[in-house]
Amino acid sequence: DSILFNYLEQGRSYIWDAWEAYDREHPGFLKPVRNHFTVSPRLGIAFPITDRSKFYFNYGHFRSNPPYYTMYLYRYRYTKNGLYDMSNPNLAPPRTISYELGTAVNFYRSLVLRISGYSKDVTGQHGEVTYQSATGGIDYDRWTNNEYQDIQGLEINIEKNDNSWLTGWIN
């Protein structure tokens, strides 16, 4: 135990030293972290139906950061196989393509009723992949952009907003 504590007191990491030694023997194992530059186009169109109602359409591409634990958390155990969860700092941000079509009606004084349908297509979400060696000696999980999700829905919203003391909404 004292050898390990002396090692840690020097500000060194056994795991990183082992990986750097492996990278010297197998060049290309450690790779630099990539930056992700993306463009997120969005479009919104609305036009009046009557003097108290409108019809609208929204479209957009959205990106979000993967959870940080999927990018930077490494779990290592000093028994059995060693490494058992490897994160991926090069995960790409998942992309959501969203469509919304709806109408808004001011039906009584400051009460507005909104009815809309929406669809979202999410690709590149993070998911775990398990890697196992043929001999069974190495077994660990790693995060990759391998999952997707489709979401559809209907939303009904009533909102009161007249800059008085009492405002609110029900969704």
Query - Span per principal axis, largest first, for the Cα atoms of region 19-63 (Å) - result: 73, 13, 9
Query raised in the report: Once the dipole of region 33-171 is set up with Lys and Arg at +1 and Asp and Glu at -1 on Cβ about the Cα centre, which of SER164, PHE47, THR144 lies farthest towards its positive end?
Result: SER164
Query raised in the report: Relative contact order of the chain: what whole-number percent is it, with Cα pairs under 8 angstrom and at least 6 residues apart?
Result: 16
Query raised in the report: Once you wrap a convex hull around the alpha carbon atoms of the chain, what is its projected area averaged over all directions, in nm²?
Result: 17.4
Query raised in the report: Can you give the extra length, in nm with one decimal, that the chain gains between ARG12 and ILE115 once fully stretched, where that is 0.36 nm per residue apart less the Cα-Cα distance?
Result: 31.2 nm
Report summary line: Note on region 81-171: C-alpha Rg/Rh, Kirkwood Rh, two decimals, gives 1.33
Query raised in the report: How much length is gained on full extension from THR167 to PHE37, taking 0.36 nm per residue of separation minus their Cα-Cα distance?
Result: 42.8 nm
Query raised in the report: On full extension of the chain, what length is gained from TYR99 through GLU155, given 0.36 nm per residue of separation minus the C-alpha to C-alpha distance?
Result: 18.9 nm
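No lab work stands behind these numbers, since they all come straight from the coordinates. Note that the structure is a prediction, hence the values are computed from the model and not measured. Neighbour counts run over all protein chains shown; Cβ positions are idealised from the backbone, glycine included.
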